[in-house]
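Chemist: Below you'll find the structure I mean.
Just so you know, all these numbers are worked out from the coordinates, no wet-lab data involved. A quick note: this is a predicted structure, and the numbers were derived from the prediction, not measured. Cβ: placed from backbone, ideal geometry, glycine included. Neighbour counts: every protein chain shown.
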């Protein structure tokens, strides 16, 4: 029996405590991004700060890191990168929107 329902694709997400994105981005890409091509890459403990260029660590095929750097101190920070195809398909979808966020310690 066949159905006329569209095939649903599951959203894939990789979440990593990178303990320093500048130091560990290579391992993140080679161990997780290349083999699995996740839709979303979410990282914590990036240790990035405003002196690091916004285009740091660009991954081909992804939209670029959406960062929330820790303003004070060495630790903390989050960064999320989204597969370009997903980002373009959902960017203007009325059901999706970015909520204001804060990071503890700011």
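Chemist: Going by how many other Cβ atoms sit within 10 Å of their own, how do 75, 47, 56 line up, fewest first?
Modeler: Going from sparsest to densest Cβ surroundings: 75, 56, 47.
Chemist: Convex hull over the Cα atoms of the range 13-90, averaged projected area in nm²?
Modeler: 4.8
Chemist: Any chance you could run the full-extension gain for residue 37 through residue 55? It's 0.36 nm times the residue separation minus the Cα-Cα distance, nm to one decimal.
Modeler: Using 0.36 nm per residue and subtracting the Cα-Cα distance, I get 4.5 nm.
Chemist: Here is a further query. Indicate the gyration tensor shape class of the range 24-66 (rounded, prolate or oblate), computed on the Cα atoms with a ≥ b ≥ c the square roots of the eigenvalues: a/c under 1.5 is rounded; otherwise a/b larger than b/c is prolate and the rest oblate.
Modeler: prolate
Chemist: Right, here's the next one. Order these by the 10 Å Cβ neighbour count, fewest first: 13, 83.
Modeler: In order of increasing Cβ crowding within 10 Å: 13, 83.
Chemist: Right, something else. Provide 68, 19 in ascending order of the number of other Cβ atoms located within 10 Å of each residue's Cβ, fewest first.
Modeler: The order, fewest Cβ neighbours first, is 19, 68.
Chemist: Right, next: What is the gain in length, in nm to one decimal, between residue 30 and residue 88 on full extension, counting 0.36 nm per residue of separation less the C-alpha to C-alpha distance?
Modeler: 18.4 nm
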